[in-house]
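These notes concern the structure reproduced below.
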Amino acid sequence: MAEITLTTENFKEEVLQSNVPVLVDFWATWCGPCQMMGPVVEELANESDGSYKVGKVNVDEQGELAQQYGIMSIPSFFVFKDGNVTASTIGAQSKDALLAMLK
């Protein structure tokens with residue numbers, strides 16, 4: 001599965017109403033660590049067998065979502081299950097660390 005570009009329009013359907021856990025990457029184009037994490041996040045998305053989803057929120061384009069979830073530093077990673085945040089972390093992470101958050 002490819003990563004999903006999340007917006008205020010599709011966030012509820014893709015994340016809050018998802019029947020599988022969703023890893024959400026809050027990022028921006030000018031953020032060095034975000035760019036470094038891009039391939040890792042993409043790899044996670046491509047390896048998903050449908051047991052989870054991966055979405056990305058560009059904080060510059062989706063300021064409302066960033067504000068709603070109190071994003072102060074990026075990259076920020078949130079895992080949503082059944083519409084609730086079950087795990088979150090800030091900064092560059094290993095692929096294994098992100099996968100562990102999804103479990």
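For the reader, a short list of remarks on this structure follows.
- Ignoring lysines fewer than eight residues from Lys103 along the same chain, the ones with Cα atoms less than 18 angstrom from its Cα are Lys53, Lys81, Lys95.
- DSSP-assigned coil residues among chymotrypsin sites (Phe, Trp or Tyr not before Pro) in the chain, each with at most 13 further Cβ atoms within 10 Å: Trp30
- Three-way shape label, segment 31-81, alpha-carbon gyration tensor, a/c 1.5: oblate
- Of the GluC sites (Glu not before Pro) in segment 1-100, the ones in a loop by DSSP (not H, G, I, E or B) with at most 12 other beta carbons within 10 Å are Glu9.
- Counted charge near Met101, where neighbours are those whose Cβ lies closer than 14 Å (Asp, Glu -1; Lys, Arg +1): +2
- Anisotropy class of the chain from Cα gyration tensor, a/c 1.5 cut: rounded
- The chain, dipole about Cα centre (Lys/Arg Cβ +1, Asp/Glu Cβ -1), debye to the nearest 20: 300 debye
- Residue-normalised accessible area of the chain, given per residue in Å² at a 1.4 Å probe: 52 Å²
The values are calculated or read from the model by the stated rules, or taken from the named source; none is laboratory data. Not measured: the values here are computed from a predicted model. Backbone-built Cβ (ideal geometry, glycine too); neighbour counts: all protein chains shown. Surface areas here come from the heavy atoms of the whole protein model, side chains and all, with no ligands, DNA or RNA. Shrake-Rupley method; radii C 1.70, N 1.55, O 1.52, S 1.80 Å.
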